[in-house]
Amino acid sequence: MIEFQFVKGKPEYLQIAEQVQLAVAAGRLKPHERLQPVRELAARLALNPSTVARAYRLLERQGVILTGGRRGSRVAEATAGDQMLRQMRLRGLVSRAVCEGLAQGFAPDELEAALGLELAAWRERREKGAADQPAVRPAAQAGRLNRFAGSHDLALEALWAQARRLHPGLSIEARYVGSLDGLSALLHGEVGLAGAHLLDEESGEYNLPVLRRLFVGFPLCLVTLVEREQGLILPRGNPRRIGGYADLARPEVRFVNRQPGSGTRSLLDHSLRRQAVNSAEIQGYDRVVSTHLAVAAAVSEGSADAGLGIRAAARAFDLDFLPLARERYDLVLAAADRDCSPVAELLTVLGSAQYRAVVGQIGGYDTSRTGEERRL
């Protein structure tokens, strides 16, 4: 049930329609889900029934809902309203980016110029195509191939350690900034290696659909690091009796989140939309940390009752774990860099039986596809 909120100076029927649109766009209202009857909703909101009826008529014209018949008013299946909802969701994404930029002190003109520059560069890459493009943008600094940026994982820590033992001169500078920021660093030539586990909501596939949209004209090599379990990290014994995403919205449950742009945050937001859980009701949704171990540490010290993360992090802190998803973590690099040092040495270590054995001891990983390469 939607909890409507009204402001002065704007027609109430428009506010009802907009809040229903937002609920559908966010996944809190599902296709075929019934809305409250006109008179019932009007009584709950202390409004004239004609006001609610007008809002429903507007939503029907927009293709968001269907009215009439024995089933009453209900959310439409994939319809003409999809485009409008897509636009609303896009505006929400842009709005968050604008707010973050303004909060960091950038002027509106600076934000507009930066967005225009990025879009122009993307169109140029798309139009010129892969044949005329370099594999990655020229590196701004030397030593790019020794740098990694991307999502955190304990299997990565094991990879760096194993590589240093087998190749004492090999050094990797790792920054754990989340999947999207890691891919952005690769796209801009700041690093030679990125790590990602980004779920494409439409296809249900990891990484490839996102990479096709971001790296237009840049041949890539994807190397599977591991397949892993994601789930809720909980205190021993699960004292809050948390059984899934819906329980995160309970008022007594304190949550610790991952930063926007991380694959874990994307998985959480996708799952909340699918299960119609309102993130605004989750205590701690805005409390963010940058690694799985930091999530587990918050639960272990008692400042949080739950956090989304990998089984290996829960195991490291001797915590309970509720598995909710299985995902693939890929290393991403320019295809032209595949056989360059130190990337080649690192991938040799990754494909070794010795490395698989080390990861197997950590727990929570499937290494049957570790080292598998794909080209894009």
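All of the numbers you see were taken from the coordinates with simple rules; none came from a lab. Predicted model only: the values in this text are computed from it and were never measured. Methodologically, a virtual Cβ is constructed for each residue, glycine included, from the backbone with ideal geometry; neighbour enumeration extends over all protein chains shown.
For Cys340, Cys99, what's the fewest-to-most ordering of other Cβ within 10 Å of each Cβ?
Details: Cys340 13, Cys99 10.
Neighbour counts put them in this order, fewest first: Cys99, Cys340.
Taking the highest mean first, how do the peptides 331-337, 224-230 order by number of other beta carbon atoms within 10 angstrom per residue?
Working: 331-337: 21.0, 224-230: 23.1.
Going by the mean number of other Cβ atoms within 10 Å, highest first, we get 224-230, 331-337.
Rg and Dmax of the chain, Cα atoms, in Å?
Cα radius of gyration and Dmax of the chain are 23.7, 76 Å respectively.
Taking the highest mean first, how do the peptides 310-317, 50-57, 253-260 order by number of other beta carbon atoms within 10 angstrom per residue? Intermediate results must be reported in sequence, preceding the final value.
On the way: 310-317: 22.9, 50-57: 18.9, 253-260: 20.5.
Packing proxy ranking, top to bottom: 310-317, 253-260, 50-57.
Using the crude model of +1 on Lys and Arg Cβ and -1 on Asp and Glu Cβ, and no other charge, please compute the dipole size for the stretch 135-376 relative to its Cα centre, in debye to 20.
Magnitude of the dipole: close to 120 debye.
Determine the distance separating the Cα centre of the stretch 179-250 from the Cα centre of the stretch 256-295; give it in Å without decimals.
12
Among Ser279, Val98, Leu166, whose Cα sits farthest toward the positive end of the charge dipole of the chain (+1 at Cβ of Lys/Arg, -1 at Cβ of Asp/Glu, about the Cα centre)?
Looking along the dipole axis, the top candidate is Ser279.
What list do you get for Leu14, Leu145 if you sort them by fewest beta carbons within 10 Å? Let's see the in-between values first.
Numbers: Leu14 13, Leu145 20.
Lowest count first: Leu14, Leu145.
What value, in deg cm²/dmol to 500, does the helix sum -39500 (n - 2.57) over DSSP H runs of n ≥ 4 give at 222 nm once divided by the residues of the chain? Don't skip to the end; give the middle numbers.
Details: 13 runs with 158 residues, N = 376.
Rounded to the nearest 500, it is -13000 deg cm²/dmol.
So what's the stretch 279-376 giving for Rg/Rh, alpha carbon basis, Kirkwood Rh from the mean inverse pair distance? All intermediate terms of the calculation are to be shown ahead of the outcome.
Values: Rg = 17.1 Å, Rh = 16.1 Å.
We get a ratio of 1.06 for the stretch 279-376.
At q = 0.14, 0.16, 0.19, 0.20 Å⁻¹, what log₁₀ I(q)/I(0) does the stretch 12-86 have when each alpha carbon counts as one equal point scatterer in the Debye sum?
For the requested q values the scattering log ratios are -0.38, -0.50, -0.71, -0.79.
Quick one: Cα centre-to-centre distance for the stretch 314-376 and the stretch 1-50, in angstrom?
47
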